[in-house]
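Participant: Sending over a structure as structure tokens; questions will come in a sec.
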Amino acid sequence: MLEKLTQLVNQARSELTAAQTSEQLEGWRLAYLGKKGALTLLLRNLGSLPADQRPEAGRVANEVKMTLESLYTARVEELRQGVLETELTRGALDVHLPGRPQQLGNLHISTQTLREIYAIFGRLGFDILRSPEVEDDYTNFQLLNIPQHHPARDMWSTFYTDLPGVILRTHTSPGQIYAMRKYYPQPFRVILPGKCYRYEQVSSRSEQMFYQVEAIAVGENITMSDLKGVLTYFARSMFGADRKVRLRPSYFPFTEPSAEVDIECFLCQGQGCPMCKHSGWLEILGSGMIHPQVLRNGGYDPDRYTGFALGMGPERIAILKHGITDIRYFFNNDMRFLQQFA
Amino acid sequence: MLVPLSWLKGYVDIDLSPKELANVLTLGGLEVENIRTIGQDWAPDKVFVGQVVQVRQHPQADRLVLVTVDYGQAEPLEVVTGAPNLHVGDCGQKVVFAIIGARLIDGHAEELRYQVLKKSKIRGVESAGMVCSEKELGISDEHSGIVILPEDAPVGSPLVDYWGDTILDIKLEPNMARCLSIIGVAREVAALTGKRIKVPAARNITVGEPIGGQIRVEIADPDLCPRYSAALIKGVKIKPSPQWLQRRLTLAGMRPINNIVDITNYVMLEFGQPLHAFDYKLVRALPGESTPAIIVRRAHDQETMSTLDGNQRVFNSEMLLITDGGGPVGVAGVMGGLESEITESTSAILLEAANFNYINIRRTSTVLKIPSEAAYRFGRGVDPELTLAALRRSVDLMNELAEGIPASGCIDVYPGKQVPTIIDLPAHEIKRLLGIDLEPAYIVRLLESLDFKCTIMANGAIRTVVPSYRLDVSIPADLVEEVARLHGLDKLRDTLIDEEMPGQQPNRDIELEERVRDILVGCGLSEIITYSMTNLASVACLTPERTMPSAEQYIKLTNPLSSEHEYLRQTLMNTTLETMASNLRFVDRVAVFEIANVYLPAIGQRLPYQPRRLSIGLAGARDIRSWLTNDSPIMDFYDLKGVLETLCRRLGVPTQFEPEAHPSFYPGRAVRINLGGASIGVLGEVHPQVCQAFNIEAPRACLLELDLDALLAQANTDVLFTGISRMPKLSEDLALVVADEVRSDDVARTIHEAGGSLLVDVVLFDVYRGKQLGEGRKSLAFNLTFQSPDRTLTTEQTAQIRARIIRQVAQKYQAELRS
Ligand SMILES: [Zn+2]
């Protein structure tokens, strides 16, 4: 009996080593450990042994069973490992092929610039307010201290509509009136973004439609030094921390004093180049202290309140920042342009 | 305004380089846009002032002469020229002489081309240089003759020293009307550089008969003509102006005509006072009178006259005319009449220097479309105190340059004389507006450098008398601006607002709009921005029949730049399709959106209704083409619907869809987007003929437009946390067979309702039609997910729910289980 067991172990061991596939393995398991397997049959014969040999044979038979089982488990593991290894050597990808293209959309460059402006003024506590694009002459001009036929009207070429007195707004400045009437009598600071329109021949430098963002602050203690501080903060946030900023006297009928704001040309570092018309400076926005009459038209007493206003064009800013050579790209909506700014 | 530096220097000392001066002016509020240098190319050792010594006939050519020129060197040189203004026997003319090696413009070339002068033989005679034309020197296009310099030109002097110049091109804002003259600019230069201005005193010639009795002036409408001054000059000889005057006019951008017209232009450029010269002999007396009369009055409606430019003009009663005893002789401040024009035969000049209401002049010049130099200046405001000084200066020049004999005295009718403006600048106004402290004495010094007369009052205010030419200064803030620009805006502090202000208020409207943009970009769409103005032909393309919309329903621009952009848009659909079409020419996938306003007439409202719209357009391949996704399917209705469903889910808006028959869309492939019972937009596959009309080169295009205001009004972005169940999920499929017309969304909703709270998800994963189902039937296969928040579900429980679902769909839709 013991002999048979030893023989069985040896035979099983060699057959197990020969088993290569999971089918052969299963065959082996059935042959030795299965219900009709060799070991089971042997164990069934234990009863026919003399009683004194039974305990010893039973012990050995159990050992054999455990040995065979652990051999089987090890072989299963060994084979699985082998299969995996074979799989892994066959499974290499062509890593030089490009990845799966992802489809992300993108925001229009004007929107991106607007958001940047919102963020910068947001950090300074400015609200955002919008007012109508189609506006009346009274609000677009007259309430801003630009009477009919006033010479200052030369500064804005206007689109007129067939509705009497209704025009396309030439700037976001009428928003100043809406803002003042909304916040009165509180002090406030707000930016006024939106589309504006000018009756100007479309060219590489001029568009009939464009965005503008006006920023205004009104209070009992707002000065032109605050304006300069805000402008400097804005220009450096937008164009770089060590940009030089320059204020130059100018004229807008709704501000007094008025100033044009230039930043140092970043193409030539102020040395002069075609982009800055050899001046070393790039004009980025107009600004000033709100004219007393405009404050009054908004409801604020100019003897008590002061305020500043500034206005800029996001397209102009984008043009300068990205070196865009032609403003007409903005509203042509050529994906080859728009997707450059993704 | 073009300012020749040589002219400017006559009134103020300038010791800055042109570039430095330009910088000072720019920072002082007179933006110098361009600096042009005249004579840059005139090498000082090659181009000289010369003098003709002798002119001989060229031995070989009839039309050429040999000119010997003295140019200050030991030996004069002989050159060959064909200039028609040099003749055999001439001697003594001052000319511009260029020697070999000079680099000049090629006078014969059409385009601008430079050439270096080489030694050459012309028809057998050696030419040692050249006498130059204006074109060759780059002054003008004149090449018919050579330049003849004034008699006092210094022979041998480098031309650049004698004739070189720098011209500043200054951009003047409307408040800078006072600087539309050389003296006006000189005044600013003086104030900005701490110099004094020098204006030549008039000679006050009084040789002729007194002017009184020879002309009568009446202002019938003094509200439009505060002042009318006039002088009379007789015996004038009309001829070309001298070279120096012509040259100054040319450099300042005006064309010389004759000495009288040139003098009026010259004095206008010098002082800023427009002048007008009438032929005195043609000025008529009133009926029954003998003295020629000028009457300044409003036109009668439909009154007519021909202006100097030869055009017949029709006036209305808002326009101001200069008339004489017989009728109109000029449009006041805008342009003279043709009949009283100065001609070769004019011998007596009635010279007008008047002042007019600027708004009225601007309006007249705009309505009549006459943009004259005079109207430009009057339209921006001219100092009424200027008339006499300008008249005297003109009289001096007409005496000097046209041999005129001035009548003694001037006519001066001045009904609109103003008292000087006085402004009290409160003590703290500078600090209040600028945020910096300046000493009162310093403020006074700055203002006085600009001719303001200042007194410091007991209360600290500065009482300021405004000079008559400062029409732009009327309130304290104007004075603050003057102080600020002279002190220097760069000297302001950089402070951030330190006033206590209410905290920043969110703008939900804008925030939601930006969220919409982010969601759509996340869906793979690119944002476009198209014009707000459109054309009706493009809108018509939105219907297969190309039905033109009714123009009366649209707001129309009265002055569009082109007929392409003539109407304010009422839809974004056409420009979205146009953008898709133009891009599909070079990409195979277009996925775009736009958020913009449309403009709808609102009867009885101050302004049109301007709601926000969203449009989305999809066309072409679903996937970007690559080796992984070659032959991608084309985007269809469901791609677009999925984008909108995503958007609505993210915004928390419960939109519904109803089939829609819309002319722009493929029949049966469009839905109306409903929200709270109201339609807010439409979505679908574009009608093939509409695609064709827009030249969309893709198998199909999908389009959506909705009312974004309505959508965002229902947005619910407040999220409440829902507990996450740890209990196991049970998932089973349910295939139902229903009639074709049964709506899958209705079935899904019923399943949801019947399933109750333990049915957590229902996904339609297959739709099948086939013979075994029978004609007009379809199978809808749903995957149902069951889960309880707090216990493990048994199959008995889900079977109960499933039975309930099957009962209800059977009852409502006659749905049968698919076997
Ligand atoms: Zn530059």
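Participant: Just checking, which of B:Ala591, B:Ala596 is under 24 Å from B:Val643 (Cβ atoms), surrounded by 23 or more Cβ atoms within 10 Å (Cβ to Cβ) and facing chain A (nearest Cβ under 10 Å)?
Facilitator: B:Ala591
Participant: Here are the criteria: (1) crowded, with 21+ Cβ neighbours inside 10 Å; (2) part of a helix (DSSP H, G or I). Tell me which single one A:Asp262 does not satisfy.
Facilitator: Here A:Asp262 clears every test but (2).
Participant: Further question: Restricting the search to segment B:467-494, which residues are open to solvent by 30 Å² or more (accessible area, probe 1.4 Å), more than 24 Å from A:Phe188 (Cα to Cα) and within 7 Å of chain A (Cβ to nearest Cβ)?
Facilitator: Passing the criteria: B:Ile475, B:Asp490.
Participant: Look at segment A:68-110 and say how many of its residues are more than 14 Å from every other protein chain (Cβ to nearest Cβ) and either basic (Lys, Arg) or in a loop (DSSP other than H, G, I, E, B) (or both). Outline the logic, then answer.
Facilitator: Our first condition is that a residue be more than 14 Å from every other protein chain (Cβ to nearest Cβ); within segment A:68-110, this holds for A:68-92.
With either basic (Lys, Arg) or in a loop (DSSP other than H, G, I, E, B) (or both) added as a condition, the list becomes A:75, A:80, A:90-92.
The total comes to 5.
Participant: When you go through A:Arg236, A:Arg246 one by one, which is the residue that is basic (Lys, Arg), more than 16 Å from the ligand (Cβ to nearest atom) and farther than 16 Å from A:Val213 by Cα?
Facilitator: None of the other options fit; the residue is A:Arg236.
Participant: Name the one entry in B:Asp141, B:Asp161 that is open to solvent by 60 Å² or more (accessible area, probe 1.4 Å) and in contact (Cβ under 8 Å) with a residue 60 or more places away in the chain.
Facilitator: Numbers: B:Asp141 fails: in contact (Cβ under 8 Å) with a residue 60 or more places away in the chain.
Testing whether each residue is open to solvent by 60 Å² or more (accessible area, probe 1.4 Å) and in contact (Cβ under 8 Å) with a residue 60 or more places away in the chain leaves just B:Asp161.
Participant: Determine which member of the set B:Arg187, B:Arg203 is away from chain A (no Cβ under 14 Å) and part of a helix (DSSP H, G or I).
Facilitator: The unique qualifying residue is B:Arg187.
Participant: Do you know which of the residues in segment A:148-195 that are assigned to a loop (DSSP other than H, G, I, E, B) and free of Cβ contacts under 8 Å to residues at least 24 places away in the same chain is farthest from B:Pro506 (Cα to Cα)?
Facilitator: Top of the filtered list is A:His149.
Participant: Return a yes/no flag: does segment B:575-586 have any residue that is at the interface with another protein chain (Cβ under 8 Å from one of its Cβ atoms), open to solvent by 60 Å² or more (accessible area, probe 1.4 Å) and among the hydrophobic types (A, V, I, L, M, F, W, C). If you could, list the steps in order and put the result at the bottom.
Facilitator: Narrowing segment B:575-586 to residues at the interface with another protein chain (Cβ under 8 Å from one of its Cβ atoms): B:579, B:582-583, B:586.
Then drop every residue that is not open to solvent by 60 Å² or more (accessible area, probe 1.4 Å), which leaves B:586.
In the following step, the residues that additionally are among the hydrophobic types (A, V, I, L, M, F, W, C) were identified as B:586.
Yes: segment B:575-586 contains one or more residues that are at the interface with another protein chain (Cβ under 8 Å from one of its Cβ atoms), open to solvent by 60 Å² or more (accessible area, probe 1.4 Å) and among the hydrophobic types (A, V, I, L, M, F, W, C).
Participant: Can you tell me which residue in segment A:167-217 is farthest from B:Lys556 (Cα to Cα), limited to those that are more than 33 Å from the chain's Cα centre (by Cα) and open to solvent by less than 10 Å² (accessible area, probe 1.4 Å)?
Facilitator: Selected residue: A:Met180.
Participant: Still on this structure, please answer the following. Return only the number of the condition from (1) facing chain A (nearest Cβ under 10 Å); (2) touching a residue at least 40 places away in the same chain (Cβ under 8 Å) that B:Leu557 does not satisfy.
Facilitator: It fails just one condition, (2).
Participant: Is one or more of the residues making up segment B:610-617 in a loop (DSSP other than H, G, I, E, B) and free of Cβ contacts under 8 Å to residues at least 40 places away in the same chain?
Facilitator: yes
Participant: While we're looking at this one, here's another question. Could you go through segment B:579-590 and let me know if any residue there is touching a residue at least 40 places away in the same chain (Cβ under 8 Å) and under 30 Å from A:Leu163 (Cα atoms).
Facilitator: Yes, segment B:579-590 contains at least one residue that is touching a residue at least 40 places away in the same chain (Cβ under 8 Å) and under 30 Å from A:Leu163 (Cα atoms).
Participant: A follow-up question, please. I'd like to verify a number: residues in segment B:750-776 that are in a helix (DSSP H, G or I) and on the phi > 0 side of the Ramachandran plot, how many?
Facilitator: Qualifying residue count, segment B:750-776: 1.
Participant: Suppose we keep only residues that are touching a residue at least 60 places away in the same chain (Cβ under 8 Å) and facing another protein chain (nearest Cβ under 7 Å) within segment B:495-521. Which one would you say is most open to solvent (accessible area, probe 1.4 Å)?
Facilitator: It comes out as B:Thr495.
Participant: May I ask you to list the residues in segment B:365-381 that are of a type in the set (Val, Ile, Thr) and open to solvent by less than 10 Å² (accessible area, probe 1.4 Å)?
Facilitator: Result: B:Ile370, single match.
Participant: Can you tell me which residues in segment A:203-236 are within 7 Å of another protein chain (Cβ to nearest Cβ) and either over 24 Å from B:Pro502 (Cα atoms) or in a strand (DSSP E or B) (or both)?
Facilitator: Residues satisfying the conditions are A:Gln208, A:Met209, A:Ala217, A:Gly219.
Participant: Right, another one. Return a yes/no flag: does segment A:277-291 have any residue that is within 8 Å of the ligand (Cβ to nearest atom), assigned to a loop (DSSP other than H, G, I, E, B) and in contact (Cβ under 8 Å) with a residue 12 or more places away in the chain.
Facilitator: Scanning segment A:277-291 turns up at least one residue that is within 8 Å of the ligand (Cβ to nearest atom), assigned to a loop (DSSP other than H, G, I, E, B) and in contact (Cβ under 8 Å) with a residue 12 or more places away in the chain.
Participant: Condition first: out of contact with any Gly (no Cβ under 6 Å at 6 or more places or on another chain), touching a residue at least 12 places away in the same chain (Cβ under 8 Å) and outside any loop (DSSP other than H, G, I, E, B). Now tell me which residues in segment B:305-318 satisfy that.
Facilitator: Across segment B:305-318, the qualifying residues are B:Ser306, B:Thr307, B:Arg313, B:Val314.
Participant: Still on this model: Does A:Gln271 satisfy being within 15 Å of the ligand (Cβ to nearest atom), of a type in the set (S, T, N, Q) and assigned by TED's automatic domain parsing to the domain that holds A:Pro147?
Facilitator: Spelling it out, A:Gln271 is indeed within 15 Å of the ligand (Cβ to nearest atom), of a type in the set (S, T, N, Q) and assigned by TED's automatic domain parsing to the domain that holds A:Pro147.
Participant: Being at the interface with chain A (Cβ under 8 Å from one of its Cβ atoms), open to solvent by less than 20 Å² (accessible area, probe 1.4 Å), part of a loop (DSSP other than H, G, I, E, B) and in contact (Cβ under 8 Å) with a residue 60 or more places away in the chain, is that true of even one residue in segment B:540-551?
Facilitator: no
Participant: When segment A:292-323 is examined, which residues are found to be of a type in the set (Lys, Arg) and more than 16 Å from the ligand (Cβ to nearest atom)?
Facilitator: A:Arg296, A:Arg304
Participant: Related question: Determine whether segment A:152-164 contains at least one residue that is more than 7 Å from chain B (Cβ to nearest Cβ) and within 28 Å of B:Ile519 (Cβ to Cβ).
Facilitator: No, every residue in segment A:152-164 fails to be more than 7 Å from chain B (Cβ to nearest Cβ) and within 28 Å of B:Ile519 (Cβ to Cβ).
Participant: Restricting to strands (runs of 3 or more DSSP E) lying wholly in segment B:1-102: which have 2 or more residues that are more than 14 Å from every other protein chain (Cβ to nearest Cβ)?
Facilitator: B:2-4, B:47-57, B:65-70, B:77-81, B:94-99
Participant: Just one of (1) within 7 Å of the ligand (Cβ to nearest atom); (2) in contact with a helix residue (DSSP H, G or I) (Cβ under 6 Å, 6 or more places away or on another chain) trips up A:Glu256, so point out which.
Facilitator: A:Glu256 satisfies every listed condition except (1).
Participant: Based on this model, can you work out whether A:Thr325 counts as crowded, with 23+ Cβ neighbours inside 10 Å and either under 30 Å from A:Pro147 (Cα atoms) or among the hydroxyl-bearing types (Ser, Thr, Tyr) (or both)?
Facilitator: Working: crowded, with 23+ Cβ neighbours inside 10 Å: no; either under 30 Å from A:Pro147 (Cα atoms) or among the hydroxyl-bearing types (Ser, Thr, Tyr) (or both): yes.
In short, no.
Participant: Follow-up. For A:Glu256, indicate whether it is within 12 Å of another protein chain (Cβ to nearest Cβ), charged (D, E, K, R) and closer than 28 Å to A:Val202 by Cα.
Facilitator: Judged against the criteria, A:Glu256 is not a match.
Participant: Residue by residue through segment B:8-36, note down the ones that are crowded, with 21+ Cβ neighbours inside 10 Å and either over 19 Å from A:Arg246 (Cβ atoms) or over 29 Å from the mean Cα position of the chain (by Cα) (or both).
Facilitator: Result: B:Tyr11, B:Val12.
Participant: Counting only residues that are among the polar types (S, T, N, Q), modelled with pLDDT of 90 or more and out of contact with any Gly (no Cβ under 9 Å at 6 or more places or on another chain), how many does segment B:128-159 have? Write out each step before concluding.
Facilitator: Filtering segment B:128-159 for residues among the polar types (S, T, N, Q) gives B:133, B:140, B:144, B:157.
Pick out the ones that are also modelled with pLDDT of 90 or more and you get B:133, B:157.
Cutting the leftovers down to out of contact with any Gly (no Cβ under 9 Å at 6 or more places or on another chain) gives us none.
Residues flagged as among the polar types (S, T, N, Q), modelled with pLDDT of 90 or more and out of contact with any Gly (no Cβ under 9 Å at 6 or more places or on another chain) within segment B:128-159 amount to 0.
The values are calculated or read from the model by the stated rules, or taken from the named source; none is laboratory data. Just so we're clear, the structure is a prediction, and the values are computed from it rather than from any experiment. For neighbour counting, all protein chains shown are included, and Cβ atoms are generated from backbone atoms with ideal geometry for every residue, glycine included. Heavy atoms of the whole protein, side chains included, go into the accessibility calculation; ligands, DNA and RNA do not. Shrake-Rupley method; radii C 1.70, N 1.55, O 1.52, S 1.80 Å.
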